[in-house]
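Below is one structure; the comments refer to it alone.
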Amino acid sequence: MLTHVRKNISEVEYHTWFVPVRPLGVQDGALVLGVRNSFAQEWFRKHYQDLLEDALRQLGASSPQVSFEVLPAVQDAMMAPATEPNPSSSRRTNPPQVVQTTSGTGSAKALNPKYIFENFVVGPNNNLAHAAALAVAESPGKTYNPLFVYGDVGLGKTHLMHAVGHYVLERHPEKRVEYVSTESFTNDLINAIREDRMTQFRNRYRSVDLLLVDDIQFLAGKERTQEEFFHTFNALYESHKQIILSSDRPPRDIQTLESRLRSRFEWGLITDIQSPEFETRVAILKMNAEHRRINIPQEVLELIARQVTSNIRELEGALVRVMAFSSLNNVSLSKAVAAKALSDVFTSQEVQIEMADVLRAVAAHFSVPLEALRGSGRVREVVVPRQIAMYLIRDLTGHSLPEVGVFFGRDHSTVLHATQKVSEQLGRDPELSTHIETLRRRLQGIEE
Ligand code: ADP
Ligand code: MG
């Protein structure tokens, strides 16, 4: 069956989704496959159900059925649970184990084991960067070189870079992968100069197959480092070795970057990661909770996702805080408990954003009359802002689909359709995401 699947999808897809799948047996005539988490479960239902049933048909099944179940987490791929359920089983009591790095050169040790593609939730905010990273991982040096990923702090740049590193090492353990922050590249260089070890320095960076350089914006103003990096870049580029760079801004906005470097950074593909939208934030929280083997009610995940909107590290921090709060106080997780746990951290958000606030802001932003937004006019100039208003209301207020429906004098499926439409387009339409970001900031009072 897998042979059939493999023929029909790319290597990358196969590796990302199918390798971790476990057959669990047959239940009520359906083949049950175990997948890692509920995100994967939804993904399989949406993208691979037909393909798999097709594969079974080819094997002679007359009315094949496949279903997907979330496997119990067997290992802490993501991180340790917040509360150790059984201290006696703690790893510390086990004999020390030799950690096997995948790379003979030992370069893999710098990669964070949890930063793999499987743990990276894809949404409209990051789907292009994710696709580019996968393409590069599949054929390093052959597609986009360099790959330049930029975005604000805490949005997954480092995670993606490491994911490429893991992917390459897993398939080609003999390859040399070097991950380095711009800061340590600089420090290495300074030390090499001081200790007269330039040849060694150059050998180290110029003999790799994949060079990952994080936070390249810190090259700004460092002339000697830029000079050296320029030569490293050329050496690798000319021998078709893959380079991936991350930054908090696009190359053109990095001040005092030599133009020859800037233009090189623009040779390959430049892609950005935006703040995750609501659904993606919820999916990330869900995955996190699953990795910790903790069941958290959907409404609590949604509450957290509403409080923390821009930084994924903070989003994870908020989740940990809520879990710790409930376990320390021995209360079960509810919306009220979560709100209390977060209240002193996110004081600025205590001001509840109301539906009318969103409507006013959208009306002003697009210069459309308020009544038109709540009316039923079908002209594009009104329809798009109306959809954006519905989307932002769902994103920023605690109101349910039916409540938003009532507010607009429509039923909930119209609201659902509008919000889905906006989130689908977000990934493709930079203008739309600028509108949304501006409005979001204005409504949250974090205008710059
Ligand atoms: P950056 O390098 O952009 O500052 P990181 O890669 O360090 O951000 O990501 C911050 C945290 O958020 C990490 O723990 C990372 O695993 C997590 N994270 C970021 N993006 C995602 C995503 N799409 N899915 C799951 N976790 C993510
Ligand atoms: Mg980073």
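For segment 327-408, the relative contact order is 26 percent, taking Cα pairs closer than 8 Å that sit 6 or more residues apart in sequence and dividing their mean separation by the residue count.
Which one of LEU373, LEU212, GLN444 has its Cα pushed farthest toward the positive end of the charge dipole of the chain, where Lys and Arg give +1 and Asp and Glu give -1 at the Cβ? Of the candidates, LEU212 comes out farthest on the positive side.
Below 8 Å, C-alpha to C-alpha, sequence gap of six or more: please give me the relative contact order for segment 117-272 in percent.
Numbers: 226 pairs, mean separation 54.7, N = 156.
Computed value for segment 117-272: 35 percent relative contact order.
Which percent of the accessible area of segment 1-70 is formed by carbon and sulfur heavy atoms (probe 1.4 angstrom)?
Values: 1910 of 3980 Å².
The value for segment 1-70 is 48 percent carbon and sulfur by accessible area.
Stretching GLU42 away from GLU299 to a fully extended chain increases their span by 90.7 nm, per 0.36 nm per residue minus the current alpha-carbon distance. Restricting the GluC sites (Glu not before Pro) of segment 150-185 to loop positions (DSSP other than H, G, I, E, B) with no more than 12 neighbouring Cβ atoms within 10 Å leaves GLU174. Which one of ALA361, GLY409, LEU396 has its Cα pushed farthest toward the positive end of the charge dipole of segment 349-437, where Lys and Arg give +1 and Asp and Glu give -1 at the Cβ? Positive-end residue among those listed: GLY409. Using a simple spin-label model with pseudo-atoms 7 Å out from Cα toward Cβ, HIS412 and SER334 lie 2.1 nm apart.
Please report the antiparallel percentage of the DSSP beta bridges confined to the chain, to the nearest 5.
Numbers: 5 of 27 bridges.
For the chain, the DSSP antiparallel bridge percentage is about 20.
Per residue, the solvent-accessible area of the chain (1.4 Å probe, heavy atoms of protein chains only, all protein chains present) comes to 50 Å². Pairs over the 21 Å Cα-Cα cut-off, from the set LYS114/LYS157; LYS46/LYS114; LYS157/LYS421: LYS46/LYS114; LYS157/LYS421. Note: relative contact order over the chain, using C-alpha pairs below 8 Å and six or more positions apart, is 14 percent. Could you please state how large a percent of the accessible area of segment 117-272 is carbon and sulfur, counting protein chains only and using a 1.4 Å probe? Result for segment 117-272: 48 percent of the exposed heavy-atom area is carbon or sulfur. Positive-end ranking of HIS172, PHE201, PHE325 along the dipole of the chain, with charges on Cβ about the Cα centre, is headed by HIS172. Inter-label distance, ARG442 to LEU24: 4.8 nm, where each label sits 7 Å from its Cα along the C-beta direction. Note on the chain: Rg/Rh from Cα positions, Kirkwood definition for Rh, rounded to two decimals, is 0.99.
The values are calculated or read from the model by the stated rules, or taken from the named source; none is laboratory data. All figures in this text were calculated on a predicted structure; none of them were measured in a lab. As a convention, Cβ positions derive from the backbone with ideal geometry for all residues, glycine included, and neighbour counts pool all protein chains shown. What goes into the accessible areas is simple: the full protein's heavy atoms, side chains included, and nothing from ligands, DNA or RNA. Shrake-Rupley method; radii C 1.70, N 1.55, O 1.52, S 1.80 Å.
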